[in-house]
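K.L.:
First the structure, then my questions, so here it is.
Derivation of every value follows stated rules applied to the coordinates shown; laboratory data play no part. Just so you know, these numbers come straight off a predicted model, no measurement behind them. As a convention, Cβ positions derive from the backbone with ideal geometry for all residues, glycine included, and neighbour counts pool all protein chains shown.
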Amino acid sequence: MFGGEHKQTDIAQTAIFTTGSMRASRFYPAIIFTFLIMYGDYSFDLSSKIRFVSSYLFTPFTQIEYLAKDSFNSFDSYFSSQKKLSEEINTLRNQIRDLENQNLALKNIKASLNELEELFDLSKSFQEREIFLGKITDYKKFPKELVLVETRTNKISKDMIAFNVFGLIGVIDELLNNSIKITPLHDASIKVPAKNSRTLENIIIVGTGKPKIFQIEEFKKNGDIKRGDEIISSGLGGRFPEGFLLGKVTEIKENDQSNFLLITVENTFDFSFGSTILFTKP
Amino acid sequence: MNSLDDKKPSIFNFYFFVGITLIISSIVEVLLNDFLLSRLSLPLTLMTLIYWNVATPRSIGFFWTMLSGFILDIFLGYLLGIHVVIFLLASYFSQRYFHRFRALFRLQQSLIVAIIVFIYQIYFILISNNFSLSIIFELLILTIISSLSWPIIYGVLRYLRIKLTYGQ
């Protein structure tokens, strides 16, 4: 309660009633002493000596600024150079990625060109027949295997057949607006009139539903056939063109309870391969 | 004697504290002078000295007054004692009239400080024998800045003094 008053009293005692340290009896000698020093400096250049000594003594402190500047510069340059390097690395990485993309695109273009070249080579055998090209846009396996092809022409009719770089691969299943569904030749519903290129015996091959595998329908046990025989389309019936390789005989099986042989024909035609499909009439 | 005496720092500590503030203000003044590249300098040391002479006339000694003066003489390139003389005079008159000075409002104190600073700067202009329009301009600017900075210096040093004396 009385603390505040106590403090005020104390301040008053110590401050208001003081006489101070700078009395005239001390002031005059101090002034005289200062003038003596001034005279000494004027006569003997004391201050330059003191400045020299003090500059020598304070050198470490005056160097702090430069040291700090140097440290900051080296610190800054380290990080800025590191930043530059990382930026350069990122730029190079982006360039590499772009080049890889370009390379991939070029590879695709090259593959497409090769494909087109082969298709055009193939088209030479069609002589006067009209050909149309389409781009594969989708490949489906379910509910049934088919390829969706985009075309820009409406001249394609349902009786046309489809080729890729390997050769005859399928028939038109459905014509849609600007696109076509193609059923592969190995579909179980497809029957292709064919002949053995060695014996020229007419046969019918049917799809098995498995890619690249066919079977010869009702080939009698006494017929002339060997493994490795080439089977080509016969052109009979006018549905498929004549003379296109369909596969090779890979397996011949006999069944005691049947008069027919079970003959498997295989080819290497990949139904979904490539990007372009050629359509023509048989 | 009373509980307040226990909280007070020894006179020795306070004496050193006053000295340190004077030396710091001298160093700041030198650095400011280097930074501003002006022929005159902002008299922070003088104002600090005035404050201590007015606030605690007993604690301010010759040693720190003269030392801060010599520091300024050495680092600002004056003849040794130039600053010391004016500091001694400022201390003497501050202590002589500190009762009146304390009783003034802060604004009036600023005005008195501006007059002291003005005289102080004129003293250096006379010593350097450098009369020009630009130095008069510097003189006026520095005088105004000094009078404006007096309440700040006063407030800061008062806060430090109370903190050191009473720990509040």
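K.L.:
Express as a percent, rounded to the nearest 5, the fraction of DSSP beta bridges in the protein assembly as shown (both residues included) that run antiparallel.
P.N.:
So the antiparallel bridges in the protein assembly as shown amount to around 100 percent.
K.L.:
Another one. Placing unit charges on C-beta atoms (Lys and Arg positive, Asp and Glu negative, everything else neutral), compute the dipole magnitude of chain A about its Cα centre in debye, rounded to 20.
P.N.:
Dipole of chain A, to the nearest 20 debye: 340 debye.
K.L.:
Are there any chymotrypsin sites (Phe, Trp or Tyr not before Pro) in region B:98-129 that are in a DSSP loop and have at most 11 other Cβ atoms within 10 Å? List them by number.
P.N.:
Qualifying residues, ordered by number: B:105.
K.L.:
For region A:131-184, give the magnitude of the charge dipole about the Cα centre (Cβ charges: +1 Lys/Arg, -1 Asp/Glu; no others), in debye to the nearest 20.
P.N.:
So the magnitude is around 80 debye.
K.L.:
Pick from A:44, A:132, A:271: which residue has the top mean-square fluctuation in a GNM of chain A where Cα pairs under 10 Å get a spring?
P.N.:
Its mean-square fluctuation being the largest, the pick is A:44.
K.L.:
Among A:128, A:115, A:217, which one shows the biggest mean-square fluctuation in a GNM of chain A, springs joining Cα atoms closer than 10 Å?
P.N.:
Fluctuation is largest for A:128.
K.L.:
Residues with beta-carbon under 12 Å from that of residue A:198, excluding residue A:198: net charge, scoring Lys, Arg +1 and Asp, Glu -1? Before the final figure, lay out each step's value.
P.N.:
Details: positive: A:195, A:226, A:227, A:248; negative: A:201, A:224, A:229, A:230.
Taking every other residue near residue A:198 into account, the sum is 0.
K.L.:
Further, regarding this structure: Taking a 21 Å limit on the Cα-Cα distance, which of the listed pairs A:158/A:212; A:124/A:281; A:110/A:135; A:144/A:220; A:226/A:253; A:107/A:141 fall beyond it?
P.N.:
A:158/A:212; A:144/A:220; A:107/A:141
K.L.:
Rounded to the nearest 0.05, what FRET efficiency do residue B:106 and residue B:24 have when you use their Cβ-Cβ distance and R0 = 22 Å?
P.N.:
0.45
K.L.:
Turning to a different aspect of this structure: Excluding the sites themselves, what is the longest stretch of chain A that contains no trypsin sites (Lys or Arg not before Pro) in a DSSP loop with at most 14 other C-beta atoms within 10 Å?
P.N.:
A:24-128
K.L.:
Would you mind putting B:134-142, B:146-154 in packing order, based on average other-beta-carbon counts within 10 Å, highest first?
P.N.:
Taking the mean over residues of other Cβ atoms within 10 Å, the ranking is B:146-154, B:134-142.
K.L.:
Computed over the Cα atoms of chain A, what is the convex hull's projected area averaged over all directions, in nm²?
P.N.:
The number I arrive at for chain A is 45.8 nm².
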